[in-house]
1. Only one of (1) more than 30 Å from residue B:457 (Cα to Cα); (2) of a type outside the set (A, V, I, L, M, F, W, C); (3) modelled with pLDDT of 85 or more is not met by residue B:125, so which one is it?
2. Any residue at all in the range B:400-416 that is more than 14 Å from every other protein chain (Cβ to nearest Cβ) and under 20 Å from residue B:79 (Cα atoms)?
3. Regarding the range B:405-412, can at least one residue be identified that is hydroxyl-bearing (Ser, Thr, Tyr), out of contact with any Cys (no Cβ under 6 Å at 6 or more places or on another chain), buried (at least 24 other Cβ atoms within 10 Å of the Cβ) and touching a residue at least 12 places away in the same chain (Cβ under 8 Å)?
4. Looking only at the range B:83-114, count every residue that is buried (at least 24 other Cβ atoms within 10 Å of the Cβ) and of a type in the set (Val, Ile, Thr) and tell me the total.
5. Of (1) part of a helix (DSSP H, G or I); (2) surrounded by 24 or more Cβ atoms within 10 Å (Cβ to Cβ); (3) of a type in the set (A, V, I, L, M), residue B:76 satisfies all except one. Which?
6. Say we look at the range B:319-373 and pick out the residues that are buried (at least 22 other Cβ atoms within 10 Å of the Cβ) and of a type in the set (Ser, Thr, Tyr); which of these is modelled with the highest pLDDT?
7. For a quick check of your reading of the model, give me the residue pairs whose first member lies in the range B:272-299 and is in a helix (DSSP H, G or I), whose second is among the acidic types (Asp, Glu), with beta-carbon atoms closer than 7 Å and at least 6 apart or on different chains.
8. What tally of residues in the range A:119-133 results from selecting those that are among the small types (Gly, Ala, Ser) and at the interface with another protein chain (Cβ under 9 Å from one of its Cβ atoms)?
Amino acid sequence: MSESSLGKNRSGSLGYVLIVFALIVLYFSRDIRELGFGNNSDPGPMLFPVGLSILIAFGGAIEIYANWKVKTQSGEAIGLVDESSALDVKNKRLRAGALMGLFLVYILAMPYVGFTLGTLVFATAMMMLLKIPWKMALSVSVALTLVVNLLFGMLFHVPLPSGIFGLPF
Amino acid sequence: MISDLLQFHVLVPWLLAMLFGIFVGATPGLTATMAVALIVPVSFYMPDPNTGLAMIIGVSFTAIFAGDIPATYLRIPGTPASAAATLDGHQLAKQGRGGFALMIDLFCSSIGGLIGVGLLILIAPQLARFALRFSNFEYFWLAIFGLSMSAVVSSGNTLRGLISAGLGILLATVGLDIVSGAQRFTFGNAELMSGFGFIPVMIGLFGVSEVIRSVLSSPSTSESAIKTTASKDSIWEVLKTIWSKKLTVLKSSVAGTVIGALPGAGADIAAWAAYGMEQRTSKDKESFGKGAIAGVIAPTSANNAAVGGAWIPALVFGIPGDAVTAIVLGAFMMYEIKPGPLIFQQNPEQVHSIFLIALITQFLLLPCGYIGLKTFGWILRLPRNVVMVAVLVFSVVGAYSLRNSLFDVYLVAGFGLVGFYLESQKAPLAPLILGLILGPMVEENLRTGLIKTEGDLTPFFTRPICAVLVLILAAAFLAPVVLSWIRKRVQV
């Protein structure tokens with residue numbers, strides 16, 4: 001699937017997502033409490049959250065209507081158009097999903113394994129997932145971890161997480 | 001005096017500091033503010049005060065330029081002021097003309113900086129007096145003006161641009177309400193009390209989402225990160241191109257200086273405003289966002305010019321134009337330079353030194369920037385997927401380094417997914433970023449203004465500067481409609 005087809009033929013879900021998001025924000029806006037020492041002329045802290053939620057929901061409704069209008073006028077289903085083989089698309093999506101999954105595991109595990117070990121393992125795994133040969137992946141990961149540790153850990157004195165193993169920096 | 005500044009013991013630390021500024025500014029997560037903050041203590045060890053001043057001033061200009069390098073090559077702004085440069089600069093990089101775009105960027109940054117400093121020298125007192133007349137009402141409309149540019153930059157899709165801007169303003173409401181102190185959407189989480197940090201959101205939206213998109217579209221693992229072509233675009237071509245757009249450079253630099261002179265409005269707002277203005281007045285609007293040269297020239301001239309503009313209220317009234325200038329002012333006081341109305345009478349030699357240093361810095365920016373471009377360009381010859389992994393790692397550590405908090409890293413991941421989804425739905429990200437920056441300015445000034453007027457909205461429209469801003473806004477939105485109507489009438 002090419003980038004242009006991803007861009008041109010959107011799924012039309014944006015309008016619905018916006019409305020759901022706006023409703024969620026409106027729901028949680030009820031918890032906003034003023035502290036009681038404000039000025040009567042101040043519209044209050046709820047003005048922007050509530051006002052913007054309503055506007056965004058309205059925008060979502062317009063978006064749904066616009067999609068429906070285009071769909072009925074063109075007579076085509078608005079959907080993702082495959083320009084390359086379905087298998088290639090599926091593989092790329094799986095790879096992207098696995099990449100984000102690995103990324104999430106990396107950042108969630110970092111407080112426990114530490115930055116050094118986490119980055120070494122994660123960067124190597126990610127590059128191998130992206131079909132970089134393992135030797136190159138490992139070499140680049142080691143170099144990357146070293147550079148980042150020297151730069152941020154030693155030069156800028158950023159206290160990078162050391163994890164339960166207490167690895168350097 | 002120039003000969004004093006060009007001494008070896010001044011020039012070498014000055015150049016090294018500027019290279020440091022290039023490096024920090026080009027690293028997403030490390031801001032220009034951080035670059036200046038880090039160089040200040042080092043500058044105090046210099047035996048000559050001019051050396052210290054030169055280091056500090058040099059870093060502030062180069063860090064702003066350097067943010068355009070990853071913005072162009074990787075679509076990750078190195079500093080907030082470079083977010084506008086991602087729009088057309090990155091498109092040019094995808095076409096194999098990243099080097100050309102950045103050379104234009106470098107020269108325009110230098111020219112913009114020269115114009116900004118030149119204007120600073122010529123009209124500092126007058127501009128500072130004008131800036132002081134801005135109150136809550138004027139700042140409200142200025143922020144609305146900046147946000148309206150978001151509808152402009154998302155050309156052809158005003159609705160989604162406005163929705164995106166609204167989302168940005170909504171995100172900016174998270175945290176403690178600055179007017180009443182109420183907690184909004186914090187869910188009892190201490191990290192959320194200060195709201196969503198701009199840098200992690202920006203890294204996620206532009207950086208991580210770009211990595212996901214790159215994986216989905218990448219045809220080959222061995223393809224290098226950026227296409228490089230044989231160097232057909234010589235410096236002569238670069239200069240010819242800039243000369244052909246000299247009006248754009250001039251307009252954007254002047255606009256950048258004026259906006260930079262407004263306290264609280266920094267290089268990032270200047271860059272967006274200049275981009276929006278240029279697109280709006282261009283005869284070739286459709287090319288913006290697809291690699292338009294003017295789309296590179298406008299924001300890059302403006303953001304460096306704004307650095308000079310920010311010095312206007314800083315030197316004359318001691319009011320810093322932005323965070324970078326605030327740190328520099330603090331450093332000045334350590335050098336016993338007291339900004340204020342009497343500075344030109346009490347410390348004329350120091351003021352002249354500062355002006356000269358700022359001017360010479362714009363010329364030194366060229367070799368330092370060139371070295372930065374070449375170094376970064378070499379790095380990007382590595383396989384694309386290797387660079388993408390490095391981008392993710394730097395995104396993580398860059399976000400973490402802001403507050404030593406993993407929460408910011410979680411924000412990067414979350415907004416990476418949000419950014420990817422929004423762009424897949426053709427919703428532009430630029431207005432969202434603008435909404436996040438300007439949302440607090442809009443809300444605070446609206447509510448504070450209403451408190452001052454006891455709920456009366458009239459001053460928002462009747463104050464002279466407000467009236468002018470409202471008219472400009474109305475013209476910006478109505479003019480294309482009216483012009484289109486007139487054209488149709490003429491054709492009939």
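1. Of the numbered conditions (1) more than 30 Å from residue B:457 (Cα to Cα); (2) of a type outside the set (A, V, I, L, M, F, W, C); (3) modelled with pLDDT of 85 or more, the odd one out for residue B:125 is (3).
2. No: the range B:400-416 contains no residue that is more than 14 Å from every other protein chain (Cβ to nearest Cβ) and under 20 Å from residue B:79 (Cα atoms).
3. Looking only at the range B:405-412, we keep the residues that are hydroxyl-bearing (Ser, Thr, Tyr), and these are B:405, B:410.
Filter once more, so that each one left must be out of contact with any Cys (no Cβ under 6 Å at 6 or more places or on another chain): B:405, B:410.
With the extra rule that they be buried (at least 24 other Cβ atoms within 10 Å of the Cβ), the set shrinks to none.
Checked the range B:405-412: no residue is hydroxyl-bearing (Ser, Thr, Tyr), out of contact with any Cys (no Cβ under 6 Å at 6 or more places or on another chain), buried (at least 24 other Cβ atoms within 10 Å of the Cβ) and touching a residue at least 12 places away in the same chain (Cβ under 8 Å).
4. 2
5. Here residue B:76 meets the rest and fails (1).
6. So, considering only residues that are buried (at least 22 other Cβ atoms within 10 Å of the Cβ) and of a type in the set (Ser, Thr, Tyr), the one modelled with the highest pLDDT is B:361.
7. B:294/B:278; B:295/B:88; B:296/B:88; B:296/B:105; B:298/B:278
8. Here is the first cut: in the range A:119-133, the ones among the small types (Gly, Ala, Ser) are A:123, A:125.
Cutting the leftovers down to at the interface with another protein chain (Cβ under 9 Å from one of its Cβ atoms) gives us A:123.
Going through the range A:119-133 one residue at a time, the tally reaches 1.
The values are calculated or read from the model by the stated rules, or taken from the named source; none is laboratory data. The shown structure was predicted, so the numbers you read here are calculated from the model rather than taken from an experiment. Backbone-built Cβ (ideal geometry, glycine too); neighbour counts: all protein chains shown.
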